[in-house]
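Asks: I have a structure here, written as structure tokens, and I will follow up with some questions on it.
The values are calculated or read from the model by the stated rules, or taken from the named source; none is laboratory data. Computed from a predicted structure; not experimentally measured. Cβ placement follows ideal geometry from the backbone for every residue including glycine, while neighbour counts extend to all protein chains displayed. Quick note on the areas: whole protein, heavy atoms, side chains included, nothing else; ligands and nucleic acids left out. Shrake-Rupley method; radii C 1.70, N 1.55, O 1.52, S 1.80 Å.
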Amino acid sequence: MAKFAANLSMMFNEVPFMERFAKASDAGFKGVEYLFPYHESTEELSALLKRYQLTQVLFNMPAGVWEAGDRGVACLPGREKEFADGVHEALKYALALDCKQVHAMAGKLDGQFKLEQQYECYITNIQYAADVMYEYGVNVLIEPINTRDMPGYFLTTQRQAETLLKAIGRKNVFIQLDLYHCQIMEGDLLRTIERLWGKFRHIQIASVPGRHEPDIGEINYFWLFKRLDEMGYQGWFGCEYYPAGYTDEGLGWLVKAQ
């Protein structure tokens, strides 16, 4: 049976962040994910998870200065110490929240470096993160993001992610398979899922093209949920979408999916 995690960075924005845990629980979600937890204390977040019996499914490692345009630093030479510090900060939160996977945002291409330099930097940094996390049973996820929503991003396709996984060579590094991004960049979702089987540990969903509820748009998610269940997918579906209206009013799809 499919397991759905509400993305609290995008959903339930009608209320402040710390009130969204209750809203997610009331709506029937059993898990939550979000971009970054670092503005809140581990004690407060842990208490909310316990109070509402929610699983912390995923969050991102620190990704540089977001307001300045950073979208991760893993591929940026010269910022290795910043990346390493972020790994240890993320681990602290992962352990406190009993979260078994964290996403390392890659960062953007930078013309002052050769592409080979950025590849080498990225691979080395992800290897470091994986080695630190491995001892604690935490997986490191890498995610291709489409060029329309995030121009200039380093990692954009599943094929590229597969190549990087092989070069990274760590048992606890997997793809974060966002079907919204994948549909925009590559399409052919079922065949892609079949090809990547065993290489991903988390799936995210949103409609295409609007990035809204998954029961609208060009992707037949209910058919994919059924196929993934038949294939034996045991992971979560992260609902990383912007509600078209009030969050609660658009949750009819969740009832249907369960």
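Asks: Name the longest site-free stretch of the chain, where the excluded sites are GluC sites (Glu not before Pro) in a DSSP loop with no more than 15 other beta-carbon atoms within 10 Å.
Replies: Value returned for the longest uninterrupted segment is 41-134.
Asks: Further question on the same structure: Would you mind checking which residues have amide H under 5 Å from His103's amide H? H placed 1.01 Å from N; only 5 or more apart, or other chain.
Replies: Here Phe59, Asn60, Met61, Leu141 satisfy the definition.
Asks: Can you give me the solvent accessible area of Tyr38 with a 1.4 Å probe, rounded to the nearest 10 Å²?
Replies: Using a 1.4 Å probe on the heavy atoms, I get roughly 50 Å².
Asks: From the cross-link list Lys50/Lys108; Lys50/Lys100; Lys199/Lys226, which pairs have alpha carbons spaced over 26 Å apart?
Replies: Too far apart for the 26 Å limit: Lys50/Lys108.
Asks: With the cut-off at 1.5 for a/c, could you classify region 100-195 from its C-alpha gyration tensor as rounded, prolate or oblate? Don't skip to the end; give the middle numbers.
Replies: Numbers: a/c = 1.89, a/b = 1.13, b/c = 1.67.
It is oblate, given that a/c is not under 1.5 and a/b is not larger than b/c.
Asks: OK, next. Which of the aspartates and glutamates could a cross-linker bridge to Lys92, judged by Cα under 16 Å and excluding same-chain residues fewer than eight apart?
Replies: Glu40, Glu43, Glu44, Glu82, Asp131, Glu135
Asks: Carbon and sulfur together cover what percent of the accessible area of the chain at a 1.4 Å probe radius?
Replies: On the chain, the fraction of accessible area on carbon and sulfur atoms equals 50 percent.
Asks: DSSP beta bridges in the chain, what fraction antiparallel, as a percent rounded to 5?
Replies: On the way: 2 of 27 bridges.
DSSP beta bridges in the chain are roughly 5 percent antiparallel.
Asks: When the helices in the chain are scored as -39500 (n - 2.57) per DSSP H run of 4 or longer and the sum is shared across all residues, what 222 nm value do you end up with, to the nearest 500 deg cm²/dmol?
Replies: Result for the chain: -11500 deg cm²/dmol, rounded to the nearest 500.
Asks: Please list the non-local residues whose amide H lies under 5 Å from the amide H of Arg201, H modeled 1.01 Å from N, same-chain partners needing a gap of 5 or more.
Replies: Ile175, Leu177
Asks: With a 10 Å radius around each residue's Cβ, average the other Cβ atoms per peptide and rank 93-99, 4-10, highest first.
Replies: Output ranking for 93-99, 4-10: 4-10, 93-99.
Asks: Still on this structure, I have one more. Give the accessible surface of the chain per residue, rounded to a whole number of Å², with probe radius 1.4 Å and ligands, DNA and RNA excluded.
Replies: 45
Asks: Using a simple charge model, +1 on the beta-carbon of Lys and Arg, -1 on the beta-carbon of Asp and Glu, nothing else, what dipole does region 3-246 show about its Cα centre, in debye to the nearest 20?
Replies: Result for region 3-246 is approximately 540 debye, rounded to the nearest 20.
Asks: Still on this structure: Quick one: which residues, 5 or more positions from Glu240 or on another chain, have an amide H under 5 Å from its amide H? H modelled 1.01 Å from N in the peptide plane, none for Pro or chain starts.
Replies: Under 5 Å from the amide H of Glu240: Ile205.
Asks: So if each residue of separation counts as 0.36 nm, and I subtract the Cα-Cα distance between Leu95 and Glu162, what length gain in nm does that give?
Replies: Working: separation 67, 0.36 × 67 = 24.12 nm, distance 2.78 nm.
Computed gain between Leu95 and Glu162 is 21.3 nm.
Asks: Assign one of three labels to region 1-145, namely rounded, prolate or oblate, based on the Cα gyration tensor with a ≥ b ≥ c the square roots of its eigenvalues; rounded applies when a/c is under 1.5, prolate when it is not and a/b is larger than b/c, and oblate otherwise.
Replies: Note, shape of region 1-145 comes out prolate.
Asks: Shape verdict for region 98-151, please, from the Cα gyration tensor: rounded (a/c under 1.5), prolate (a/b greater than b/c) or oblate.
Replies: It is oblate, given that a/c is not under 1.5 and a/b is not larger than b/c.
Asks: Can you find, among Pro151, Ile175, Met185, the residue sitting farthest towards the positive end of the charge dipole of region 151-192, where Lys and Arg contribute +1 and Asp and Glu -1 at Cβ?
Replies: Ile175
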